[in-house]
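To keep things clear, I will list the structure first and then write my remarks on it.
The values are calculated or read from the model by the stated rules, or taken from the named source; none is laboratory data. If you're wondering where the values come from, they're calculated on a predicted model, not measured in any experiment. As a convention, Cβ positions derive from the backbone with ideal geometry for all residues, glycine included, and neighbour counts pool all protein chains shown. Remember, those area values only see protein heavy atoms, side chains included, never the ligands or the DNA or RNA. Shrake-Rupley method; radii C 1.70, N 1.55, O 1.52, S 1.80 Å.
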Amino acid sequence: MNPAVWLTPGQLADRSGVAVSALHYYESRGLITSRRTSGNQRRYRRDTLRKVAFIKVAQGVGVSLDEIKEAFDSLPDSRVPTTEDWARLSRAWHDRLTRRIEDLTALRDSFTDCIGCGCLSLASCPLANPGDVLGQQGPGPRRLSVHDDDPPVEAAPRAESSG
């Protein structure tokens, strides 16, 4: 292995700003790959830096690791992804990210007044949820729009209240 092409986990962690344990996790999820030396040590291709940067940015805007993996699966395995490959991936996400931005902006704008009111209860709020009609629709958020091409979101179980 040419050391100019391959990075150790420590080198990749230093260059990317991601912990070695995170690199191992990304690898276990199939987001990045490594090769093993004759001494069974991991080595990552230098272009893995771009993938790790993409993972960090995508996670920062709320994209799940499953969505990132799906995007990476569209990249070629037989060669280093080109600028055109990354541009294609970017175009594919453009509409989805635009909808996310619109949803988050609507959420921010619609709850600005309620966040400061002090009641902290959407179940009984006469402005945002009169008669708890949203609670009757089931668990999870009901004010955000859900798009057909977005993966379903599993609701977390509600904690039982003791009083």
>> Heavy atoms only, 1.4 Å probe, whole protein assembly: order 14, 132 by accessible area, highest first.
In response: 14, 132
> Tell me, what is the FRET efficiency for residue 80 and residue 37 to the nearest 0.05, using R0 = 35 angstrom and their Cβ-Cβ distance as r?
Replying inline: 0.95
> Tell me, what is the 1.4 Å probe accessible area of residue 29, in Å² to the nearest 10?
Replying inline: 80 Å²
> Across region 33-42, in residue order, what do the Karplus-derived ³J(HN,Hα) couplings come to in whole Hz, using 6.51 cos²θ - 1.76 cosθ + 1.60 with θ = phi - 60° and x for Gly and Pro?
Replying inline: 10, 9, 10, 10, 7, 5, x, 6, 9, 5
> Tally Lys/Arg at +1 and Asp/Glu at -1 over every other residue whose Cβ is under 13 Å from the Cβ of residue 4; what's the total?
Replying inline: +2
>> For 65, 12, 97, give me the order by solvent-accessible area with a 1.4 Å probe, most accessible first, ignoring ligands, DNA and RNA.
In response: 97, 65, 12
>> With θ taken as phi - 60° and the coefficients 6.51, -1.76 and 1.60, list the Karplus ³J(HN,Hα) couplings across region 51-68 in order, rounded to whole Hz; mark glycine and proline as x.
In response: 5, 5, 4, 4, 4, 4, 5, 4, 4, x, 9, x, 7, 6, 5, 5, 5, 5
> residue 67 versus residue 11, label points 7 Å from Cα toward the beta carbon: distance in nm?
Replying inline: 3.3 nm
